[in-house]
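Undergrad: Take this structure first; my questions come after.
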Amino acid sequence: MDVCTVLYDSAQEELFEREVKPLLQDYPCEYQAYSEESLPSLVEQSRVLLWLGDEALYSFLPIAASKQWQIGFLPHPEMTKARRNFLVAKKTKEAVINIFEAEKSIATDLLYCNDQLVLNAVILGNSESMKAAAQLDEGVWSKLKHLMIMIFKVGQVRLQAYQLETKKQKVVHTAALGITIVYRIENSDFTKRLVPHEPQDNSSVNGLILAPRSIFEMIYFLFNRFFARGSTKGNLPSYLGHIKTESLTITAEEPIEYRVDGQPFSRQEVLVYLKKEVLQVCNTKLPEKQSTQEPKEAVKISGLPKGKSIKELVNRPLPWIHHADLEEVKETFVTLSENAQASQSYLVLMVLSTLLATVGLFANSAPVIIGAMILAPLMSPIISLSMGVLRQNSEFIKVSLKTLVTGVALAIFFGTLLSLLVPLHTINAEIGARLSPTLLDLGVAIISGIAAAYASARSEVAKSLAGVAIAVALVPPLAVTGIGIGWLDWQVFSGAFLLFITNLMGIVLAAAATFLIMGFSPFYLAKKGLLVLSLLVVMVSVPLVLSYNTMVKEQGVIYTLEGWKVDGIEVKEVKVRNGDTLYISAKLIANRPLNAVDIDKVKLKMEALLEKSVQLEATLAVVR
């Protein structure tokens, strides 16, 4: 075995003599304190073991590469970047074994940025935000501290326009918060979760581009960085891009602020490239080189800003929600325009869903009614109407209203027809649940409208529209309206139709506001339509507020009386109907038979407790 020259850090010679040198005593070694002025005079292919910190390695490694020395790395307390880059074992004993068991050295690449050696990462742009993509092993408390700082600073985030050109002259124009470039994906906890692991070195640099289009995306990135575990298997989030190439040239209109392994620089152009197979490294943990074929480039940038959206994002505060770009706006308009049409399938589904809902209501069957909700196509023209009102597009409004009115008329007609054919005239639980709408129903409609607009604008979440349809339940109230007409019952008709109008107004207003926030219309164009919708919602809210207050009072009485005990009599299963005289239905439970006198006493004490006249309907139960 040839004699190895061990270069060690003279500033920590005592530590080296105590902890490292004893582990090398079984191997032929010569020891020399490292000095840039007096490097060892060795022939090519000589084996040199290094116990040095990162700072010394910046100057030593290019020399070792030029002289073709075979390098072995011993873990040094200040060797953090190089240890990760060259896959050096954390324990000295294991590192020694990896070096001397290597049958031959492996020619590995060195990463450079503007002719400066890089051991860890190059970070462009907002270094604080991109710290996550280049951070080495970081403690939980350090991550949490960084997370809190960035959340408080998220309103100051600005994107910058960049042009990136790969080795094969693939040019990418985008806007980004920052770009991080590493050699091995294992160099960062962040990158190794995002980029699939490759068992072989492939002489490529990996550029990760962070481009959140909204404050919400930025916060999601920060939380994902702190809480996420495991690998994403290469499925990049929409706010990240990945470029894999042999060299990457990055330019911008203004000087680029960047950091090489934490050291700040500023240049008009940043060139990151590899010097291929220049350093001979002895380490059994290093992967073998891939074939001599030129490595394939990979450019994954589908979610990054492009075209006119770059100008809209550069040097401006991020919006709270990602605004739609022109392609998304065009695609959404086409979809909503198609949905606004009263097609044959729309008419057929309206009839079938109404019949199904009406049968479910008579049968008092929630599953059947839910099936009708999913089948109903009424949500489509309502969302199209909201877009028309938002953009003051008279054609959109006209077509959507025509389709909506046609669907409502069909639903009421077939609900009425079926109620005349079915010999039932009882308000069961499912019918009764749609007769007294409150502010809570308006809240459901507003949330559903937001969800429906967002799902319509984002093709990847459009499948959630079925859930929105279930939540807001547009067809069942229309079916109950038809039942009210068939029964000639004004209370049933008015209560159910008010619920439908509540759902309609809430959805249209919320959907229009959501489209506005997502950038589908300028405010000056949208304000008139939003004002009209807001006034209509306020008008609808008047009876809803009254119903809500009544419901609150009834629930208060039930809460007060349920489980209440008086003279050994317990009150259970309380039901309330409010009015000038409070109507209460309850079960009275005692350990003895109760008579009229006992019931009168309970009634009087109820009136004293509630401070209101009570009409009591009591069911008696004796427990022995």
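Undergrad: Just need a number here: residues in the range 332-346 that are under 12 Å from I383 (Cβ atoms), among the hydroxyl-bearing types (S, T, Y) and modelled with pLDDT of 80 or more.
TA: Of the residues in the range 332-346, 1 are under 12 Å from I383 (Cβ atoms), among the hydroxyl-bearing types (S, T, Y) and modelled with pLDDT of 80 or more.
Undergrad: If K528 meets every condition in (1) assigned to a helix (DSSP H, G or I); (2) buried (at least 18 other Cβ atoms within 10 Å of the Cβ); (3) in the same structural domain as K330 (by TED's automatic domain parsing) apart from one, which number is that one?
TA: In the conditions (1) assigned to a helix (DSSP H, G or I); (2) buried (at least 18 other Cβ atoms within 10 Å of the Cβ); (3) in the same structural domain as K330 (by TED's automatic domain parsing), K528 misses (2) alone.
Undergrad: Could you tell me how many of the residues in the range 396-455 are part of a loop (DSSP other than H, G, I, E, B) and either without any contact (Cβ under 8 Å) to a residue 60 or more places away in the chain or not β-branched (V, I, T) (or both)?
TA: Filtering the range 396-455 down to residues part of a loop (DSSP other than H, G, I, E, B) leaves 422-428, 433-438.
Filter again for either without any contact (Cβ under 8 Å) to a residue 60 or more places away in the chain or not β-branched (V, I, T) (or both), leaving 423-426, 428, 433-437.
Of the residues in the range 396-455, 10 are part of a loop (DSSP other than H, G, I, E, B) and either without any contact (Cβ under 8 Å) to a residue 60 or more places away in the chain or not β-branched (V, I, T) (or both).
The rows are residues; the columns are (1) farther than 25 Å from P287 by Cβ; (2) modelled with pLDDT of 95 or more; (3) among the hydrophobic types (A, V, I, L, M, F, W, C); (4) out of contact with any Asp or Glu (no Cβ under 9 Å at 6 or more places or on another chain).
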site	(1), (2), (3), (4)
L24	yes, no, yes, yes
Y34	yes, no, no, no
P40	yes, no, no, no
S46	no, no, no, no
K81	no, no, no, no
K93	no, no, no, yes
E103	no, no, no, yes
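Undergrad: When you go through (1) in a loop (DSSP other than H, G, I, E, B); (2) out of contact with any Cys (no Cβ under 8 Å at 6 or more places or on another chain) one by one for Y27, which number turns out not to apply?
TA: For Y27, the failing item is (2).
Undergrad: Considering only the range 92-120, state which residues are surrounded by fewer than 20 Cβ atoms within 10 Å (Cβ to Cβ), among the small types (G, A, S) and touching a Leu at 6+ places or on another chain (Cβ under 8 Å).
TA: A107
Undergrad: Same structure again: Look at the range 89-118 and say how many of its residues are over 20 Å from Q68 (Cβ atoms) and not acidic (D, E).
TA: Taking the range 89-118 as the starting set, the residues that turn out to be over 20 Å from Q68 (Cβ atoms) are 89-98, 101, 113-116, 118.
After this cut, where a residue has to be not acidic (D, E) as well, the list is 89-93, 95-98, 113-114, 116, 118.
Counting residues in the range 89-118 that are over 20 Å from Q68 (Cβ atoms) and not acidic (D, E) gives 13.
Undergrad: Of S613, S547, S585, which residue is assigned by TED's automatic domain parsing to the domain that holds L435 and small (G, A, S)?
TA: On the way: S613 fails: assigned by TED's automatic domain parsing to the domain that holds L435; S585 fails: assigned by TED's automatic domain parsing to the domain that holds L435.
Sole residue among the options that is assigned by TED's automatic domain parsing to the domain that holds L435 and small (G, A, S): S547.
Undergrad: Among strands (runs of 3 or more DSSP E) lying entirely in the range 183-264, which contain 3 or more residues that are at pLDDT 85 or above and over 24 Å from G307 (Cα atoms)?
TA: Details: elements: 205-210, 240-245, 247-260.
Answer list for the range 183-264: 247-260.
Undergrad: Cβ-Cβ under 8 Å, sequence separation 6+ or interchain: first residue in the range 583-610 and free of Cβ contacts under 8 Å to residues at least 12 places away in the same chain, partner surrounded by 17 or more Cβ atoms within 10 Å (Cβ to Cβ) and not aromatic (F, W, Y). Which pairs?
TA: These pairs meet every condition: E607/V614.
Undergrad: Evaluate the following for L421: is it loosely packed, with under 14 Cβ neighbours inside 10 Å and under 33 Å from the mean Cα position of the chain (by Cα)?
TA: Details: loosely packed, with under 14 Cβ neighbours inside 10 Å: yes; under 33 Å from the mean Cα position of the chain (by Cα): no.
When the stated conditions are applied, L421 does not pass them.
Undergrad: Also, I was wondering about something else. Please work out if V334 is under 30 Å from L525 (Cα atoms), in contact (Cβ under 8 Å) with a residue 24 or more places away in the chain and out of contact with any helix residue (DSSP H, G or I) (no Cβ under 8 Å at 6 or more places or on another chain).
TA: Values: under 30 Å from L525 (Cα atoms): yes; in contact (Cβ under 8 Å) with a residue 24 or more places away in the chain: no; out of contact with any helix residue (DSSP H, G or I) (no Cβ under 8 Å at 6 or more places or on another chain): yes.
Taking the combined requirement at face value, the residue does not satisfy it.
Undergrad: Take E55 and decide whether it is assigned to a helix (DSSP H, G or I), over 29 Å from A121 (Cβ atoms), under 52 Å from the mean Cα position of the chain (by Cα) and without any contact (Cβ under 8 Å) to a residue 24 or more places away in the chain. It would help to see each step written out before you state the result.
TA: Values: assigned to a helix (DSSP H, G or I): yes; over 29 Å from A121 (Cβ atoms): no; under 52 Å from the mean Cα position of the chain (by Cα): yes; without any contact (Cβ under 8 Å) to a residue 24 or more places away in the chain: yes.
So E55 does not fit the description; no.
The values are calculated or read from the model by the stated rules, or taken from the named source; none is laboratory data. Everything quoted here is computed from the prediction, not taken from an experiment. Methodologically, a virtual Cβ is constructed for each residue, glycine included, from the backbone with ideal geometry; neighbour enumeration extends over all protein chains shown.
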